[in-house]
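Working notes, beginning with the structure itself.
The values are calculated or read from the model by the stated rules, or taken from the named source; none is laboratory data. Because the structure is predicted, anything quoted here is derived from the model rather than measured. Glycine also receives a Cβ, built like all others from the backbone with ideal geometry; neighbour counts cover every protein chain displayed. Only protein heavy atoms, including side chains, enter the accessible area calculation; ligands, DNA and RNA are left aside. Shrake-Rupley method; radii C 1.70, N 1.55, O 1.52, S 1.80 Å.
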Amino acid sequence: MSFTLSDAAYGCDTPAEKLTMYEDLRSQLQGLLAGESDLIANTANFSALVFNSMPGLNWAGFYFLQGDELVLGPFQGKPACIRIKKGRGVCGTTVVSGVASVVADVHAFPGHIACDVNSRSELVLPVRAGGAIVGVFDLDSPRLNRFDEVDAAGVASLVRLLELSIVAAKAD
């Protein structure tokens, strides 16, 4: 017998509660990014903040584009796939499409790459610098349907803060 915990068990059962969580995360992330221009440091802290603050995650991290593949960057969670070709899996598909991917059931996603067999749902957002995609931010959950459009918008607002720090660092 198995059961799925509701969002209520994780403290985010309404869109309003999720919006409040993302407001808090934006504020914390702004503090972490303030005055720091190092990409590795900023993406490491970003991953740690999200992983330890968002309920129902088993992985949070970055992949950065190098040629025609994504290469693992800072993350929190179990060891992960190191390289993903553009167009493969949820991360590679997100790079090609250029838009966020909200996947309710990763096992139903054509070509899904199972880095962690416990992952059931996924949210992946492109990361841009100067308008060009430089990588993705990937969130995995052991629960089906963990992510929705509120999560996609909330995490996108966090990614935008990171993108601003990337642009500022390149201007220095």
Looking at (1) surrounded by 12 or more Cβ atoms within 10 Å (Cβ to Cβ); (2) at pLDDT 85 or above; (3) among the acidic types (Asp, Glu), can you tell me which one Asp38 breaks? (1)
So for segment 67-78 (the condition being more than 15 Å from the chain's Cα centre (by Cα), open to solvent by 30 Å² or more (accessible area, probe 1.4 Å) and of a type in the set (Phe, Trp, Tyr)), does at least one residue qualify? no
Any idea which of (1) without any contact (Cβ under 8 Å) to a residue 60 or more places away in the chain; (2) more than 26 Å from Asn52 (Cβ to Cβ); (3) surrounded by 14 or more Cβ atoms within 10 Å (Cβ to Cβ) is the one Arg83 doesn't satisfy? (3)
Residues of segment 123-149 being touching a Phe, Trp or Tyr at 6+ places or on another chain (Cβ under 7 Å) and of a type in the set (Asp, Glu), in sequence order, are Asp138, Asp140
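Can you find even one residue in segment 45-56 that is loosely packed, with under 14 Cβ neighbours inside 10 Å, out of contact with any Cys (no Cβ under 6 Å at 6 or more places or on another chain) and either among the aromatic types (Phe, Trp, Tyr) or closer than 25 Å to Lys170 by Cβ (or both)? I'd like the intermediate steps shown before the answer.
First, the residues of segment 45-56 that are loosely packed, with under 14 Cβ neighbours inside 10 Å: 52.
Within this subset, residues satisfying the condition of being out of contact with any Cys (no Cβ under 6 Å at 6 or more places or on another chain) are 52.
Within this subset, residues satisfying the condition of being either among the aromatic types (Phe, Trp, Tyr) or closer than 25 Å to Lys170 by Cβ (or both) are none.
There is no residue in segment 45-56 that is loosely packed, with under 14 Cβ neighbours inside 10 Å, out of contact with any Cys (no Cβ under 6 Å at 6 or more places or on another chain) and either among the aromatic types (Phe, Trp, Tyr) or closer than 25 Å to Lys170 by Cβ (or both).
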If Ile166 satisfies all but one of (1) under 18 Å from Phe46 (Cα atoms); (2) surrounded by 17 or more Cβ atoms within 10 Å (Cβ to Cβ); (3) modelled with pLDDT of 95 or more, what's the number of the condition it fails? (3)
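Out of all the residues in segment 149-172, which are under 13 Å from the mean Cα position of the chain (by Cα) and of a type outside the set (A, V, I, L, M)?
Of everything in segment 149-172, those that are under 13 Å from the mean Cα position of the chain (by Cα) and of a type outside the set (A, V, I, L, M) turn out to be Asp151, Gly154, Ser157, Arg160.
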What are the residues in segment 65-80 that are hydrophobic (A, V, I, L, M, F, W, C), touching a residue at least 24 places away in the same chain (Cβ under 8 Å) and within 19 Å of Leu49 (Cα to Cα), if any? Phe75, Ala80
Quick count over segment 134-163, residues being out of contact with any helix residue (DSSP H, G or I) (no Cβ under 6 Å at 6 or more places or on another chain), over 18 Å from Tyr22 (Cβ atoms) and buried (at least 17 other Cβ atoms within 10 Å of the Cβ), is 5
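Within segment 93-131, which residues are among the hydrophobic types (A, V, I, L, M, F, W, C) and open to solvent by less than 50 Å² (accessible area, probe 1.4 Å)?
Taking segment 93-131 and keeping what is among the hydrophobic types (A, V, I, L, M, F, W, C), we get 95-96, 99-100, 102-104, 106, 108-109, 113-115, 117, 123-125, 127, 129.
Val95, Ala100, Val103, Ala104, Val106, Phe109, Ile113, Leu123, Val124, Leu125, Val127, Ala129 - these are the residues of segment 93-131 that are among the hydrophobic types (A, V, I, L, M, F, W, C) and open to solvent by less than 50 Å² (accessible area, probe 1.4 Å).
With farther than 29 Å from Asp24 by Cβ and not in a loop (DSSP other than H, G, I, E, B) as the only criterion, which of Ile84, Ile133 stands out?
Ile84
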